[in-house]
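The values are calculated or read from the model by the stated rules, or taken from the named source; none is laboratory data. Everything numeric in this text was worked out from a predicted model, so none of it was measured. Backbone-built Cβ (ideal geometry, glycine too); neighbour counts: all protein chains shown. Ligands, DNA and RNA are excluded from the accessible area calculation, which covers all protein heavy atoms including side chains. Shrake-Rupley method; radii C 1.70, N 1.55, O 1.52, S 1.80 Å.
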Amino acid sequence: TLYQARYSLAMLLDKTGQTRLGVEQLLKAVEQSPNNSMMYYDLGVLYARLNQYEQAVKYSRLAAELSPKFAEAHNNQAYALAHLHRYK
């Protein structure tokens, strides 16, 4: 499906150092499949790579809300919060 193609393209763009373009594609993929926790998680990871920690928190939290047992989503959210000095 189209969202899977966008997701794959986003990950490829990130791997080739074009993380901002990857985020753009991933945001479009999320629009097409809004309940996919893995894509929200990856958005959190990519935003953290761009040092955009507020966005990283937001998308990691959404991933964790959709899949409460998704430990990596909780971990990425904590990582981003730590960079924002929000330790509570």
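Points worth noting:
- Options K88, K69: the member that is out of contact with any helix residue (DSSP H, G or I) (no Cβ under 9 Å at 6 or more places or on another chain), surrounded by fewer than 17 Cβ atoms within 10 Å (Cβ to Cβ) and in a loop (DSSP other than H, G, I, E, B): K69
- Residues in segment 16-56 that are within 18 Å of E72 (Cβ to Cβ), open to solvent by 40 Å² or more (accessible area, probe 1.4 Å) and part of a helix (DSSP H, G or I): M38, Y41, R49, Q55.
- Members of segment 51-65 found to be among the aliphatic types (A, V, I, L, M) and under 18 Å from Y7 (Cα atoms), listed by number: A56, L62, A63
- Only residues that are more than 25 Å from K69 (Cβ to Cβ) and among the basic types (K, R) were counted in segment 26-51, giving 1.
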